[in-house]
Amino acid sequence: MPTGQTPADTLAKTASTAYDAALEVIGAVEPRIAAATRQELADQRSSLKLIASENYASPAVLLTMGTWFSDKYAEGTVGHRFYAGCQNVDTVESIAAEHARELFGAPYAYVQPHSGIDANLVAFWSILAHHVETPALERLGAKNVNELSEADWETLRHEFGNQRLLGMALDAGGHLTHGFRPNISGKMFHQQQYGTDPETGLLDYDVVRAKAKEFKPLVLIAGYSAYPRRVNFAKMREIADEVGATLMVDMAHFAGLVAGKVFTGDEDPVPFAHLTTTTTHKSLRGPRGGMVLAQEEFAADVDRGCPMVLGGPLSHVMAAKAVALAEARQPSFQTYAQAIADNAKSLAEGFLSRGANLVTGGTDNHIVLLDVSSFGLTGRQAESALLDAGVVTNRNSVPADPNGAWYTSGIRLGTPALTTRGFGADDFDRVADLMVDVLRNTQPGTTKAGGPSKATYALGDGVADRVRAASAEMLDAHPLYPGLDLA
Ligand code: PLP
């Protein structure tokens with residue numbers, strides 16, 4: 001190693017060489033894709049990314065995805081495949097699952113789901129298989145559904161379609177797959193939703209309990225996409241047990257905070273949930289993908305996820321999951337996870353001290369949900385004006401949102417990505433300041449007919465340049481992929 005170089009410098013130099021070579025090979029076939037790939041890095045480097053569901057995976061994770069594992073079909077599970085020649089995929093899948101089990105303290109881990117939605121579908125499938133199909137087959141003395149008479153099969157199909165699911169409402173922060181009617185989850189199940197307290201915006205466990213007692217769901221889902229607070233999963237399990245429900249926790253958003261031991265005890269879902277689903281690319285900082293963690297009783301059903309629910313596993317992504325999970329088992333990941341939560345607090349305080357409104361009045365996870373109606377804007381207008389100034393966010397409904405799910409009244413912000421770049425509490429206070437500058441200087445537009453528009457807006461002269469210049473100082477101080485220099 002040359003003097004003055006750290007191991008990280010050396011690795012960054014090697015990654016630079018690897019990416020240069022890869023882009024040259026790609027560019028020889030389709031130069032526009034190589035150019036777009038370079039441009040994406042430049043754009044990510046030069047903007048303030050506050051999208052709560054995004055992060056920056058390490059070069060090791062990213063490079064793992066670009067290999068010949070992509071070429072291999074491997075339907076089935078480790079040692080039990082529908083294709084020959086899967087010995088290396090078996091190695092990869094076993095290592096990823098082992099890391100997942102040990103990191104989260106889960107009895108069983110299934111690392112095949114291609115995304116978070118797929119992980120949730122596998123969990124639904126497993127619950128239906130466990131609680132509906134298996135008892136019916138036992139009752140009818142059949143080994144599998146192919147052995148059933150037409151009449152018994154018809155009865156079972158009705159039974160599948162008659163199950164109940166209770167999840168968090170979308171506008172309270174739940175996910176589409178938690179029983180939102182337009183989603184498949186709202187169509188597979190009779191569904192009801194629990195919301196948050198209209199005054200405080202907080203989850204009220206007594207209300208969840210009362211709903212569960214009345215509705216008696218087979219599946220109780222906890223977890224969220226846009227709720228800026230922690231959840232007591234011990235209480236959710238208590239409620240599930242009181243009504244005989246299966247508790248499924250979707251920790252897609254906050255898996256990094258669980259992995260990093262910020263959420264422990266009653267806030268760690270894994271010991272309490274029958275099934276815990278997650279994405280691997282949000283706060284967990286891995287490749288795009290999903291996972292299901294399960295208590296032993298569900299393992300055999302979860303294992304049938306592919307090919308019953310999922311297509312062939314993405315072996316290259318499972319390999320990248322293994323690398324990311326190995327990273328998350330390092331002590332430095334716990335420091336990172338704690339910084340995500342500390343930074344979110346600082347961002348929230350930055351808004352509150354400048355007079356902005358936050359749903360629930362703050363945060364104790366990685367999300368800040370800013371209600372932009374006090375600026376006279378819709379979420380759509382705020383999102384667009386912020387993007388003009390180089391601040392990348394996404395609009396989001398607030399509880400009982402008068403502007404609906406398309407225009408919305410909120411902006412959802414998250415700290416995982418900029419925390420990966422090394423932003424600290426002071427930086428996040430500055431980010432709040434810059435965002436308030438943009439929002440105060442944005443005027444809602446009018447429609448062609450002269451009425452108030454929910455989409456158009458006018459950003460004051462010079463504001464975007466001012467904010468971009470101030471952001472550039474922080475972005476330069478905390479470079480994305482430091483040392484990665486592409487030719
Ligand atoms: N579950 C929750 C709670 C999410 O927030 C998301 C993504 O936004 C998903 C599931 C779906 O993840 P994916 O986009 O990987 O399918």
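The values are calculated or read from the model by the stated rules, or taken from the named source; none is laboratory data. Keep in mind it's a predicted model, so treat the numbers as computed, not measured. Please note: Cβ atoms are built from the backbone with ideal geometry, for glycine as well, and neighbour counts cover all protein chains shown. Keep in mind that these areas ignore ligands, DNA and RNA; they rest on the heavy atoms of the full protein, side chains included. Shrake-Rupley method; radii C 1.70, N 1.55, O 1.52, S 1.80 Å.
At-a-glance table
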quantity: Qualifying positions in the stretch 157-170 - open to solvent by 10 Å² or more (accessible area, probe 1.4 Å) and away from the ligand (no atom under 14 Å from the Cβ); calculated: 157, 158, 159, 160, 161, 162, 163, 164
quantity: Qualifying position, being among the small types (Gly, Ala, Ser), closer than 19 Å to residue 416 by Cα and assigned by TED's automatic domain parsing to the domain that holds residue 411, among 379, 362; calculated: 362
quantity: Residue in the stretch 206-220 that is open to solvent by less than 50 Å² (accessible area, probe 1.4 Å), within 25 Å of residue 414 (Cα to Cα) and not assigned by TED's automatic domain parsing to the domain that holds residue 415 present; calculated: no
quantity: Filter pass, residue 382 being touching a strand residue (DSSP E or B) at 6+ places or on another chain (Cβ under 6 Å), not charged (D, E, K, R) and not in a strand (DSSP E or B); calculated: yes
quantity: Candidates 52, 8, 100, filtered to the one that is small (Gly, Ala, Ser), outside the structural domain of residue 434 (by TED's automatic domain parsing), assigned to a helix (DSSP H, G or I) and open to solvent by less than 60 Å² (accessible area, probe 1.4 Å); calculated: 100
quantity: The listed residue being touching a Ser or Thr at 6+ places or on another chain (Cβ under 9 Å), crowded, with 17+ Cβ neighbours inside 10 Å and more than 25 Å from residue 415 (Cα to Cα), out of 179, 256; calculated: 179
quantity: Set 129, 123: member being open to solvent by less than 10 Å² (accessible area, probe 1.4 Å), under 30 Å from residue 153 (Cα atoms), within 26 Å of the chain's Cα centre (by Cα) and within 16 Å of the ligand (Cβ to nearest atom); calculated: 123
quantity: Failed criterion for residue 277 (all others in (1) open to solvent by less than 10 Å² (accessible area, probe 1.4 Å); (2) more than 17 Å from the chain's Cα centre (by Cα); (3) closer than 16 Å to residue 126 by Cβ hold); calculated: (2)
quantity: Looking only at the stretch 164-221, and only at residues there that are among the hydroxyl-bearing types (Ser, Thr, Tyr) and part of a helix (DSSP H, G or I), the one that is farthest from residue 371 (Cα to Cα); calculated: 185
quantity: The stretch 1-52, residues that are small (Gly, Ala, Ser), touching a helix residue (DSSP H, G or I) at 6+ places or on another chain (Cβ under 7 Å) and within 30 Å of residue 465 (Cβ to Cβ); calculated: 46
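Rundown of residues vs (1) within 24 Å of residue 342 (Cβ to Cβ); (2) open to solvent by 20 Å² or more (accessible area, probe 1.4 Å); (3) in contact with a Leu (Cβ under 6 Å, 6 or more places away or on another chain), yes/no style:
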{"residue": "416", "(1), (2), (3)": "yes, no, no"}
{"residue": "423", "(1), (2), (3)": "yes, no, no"}
{"residue": "476", "(1), (2), (3)": "yes, yes, no"}
{"residue": "487", "(1), (2), (3)": "no, yes, no"}
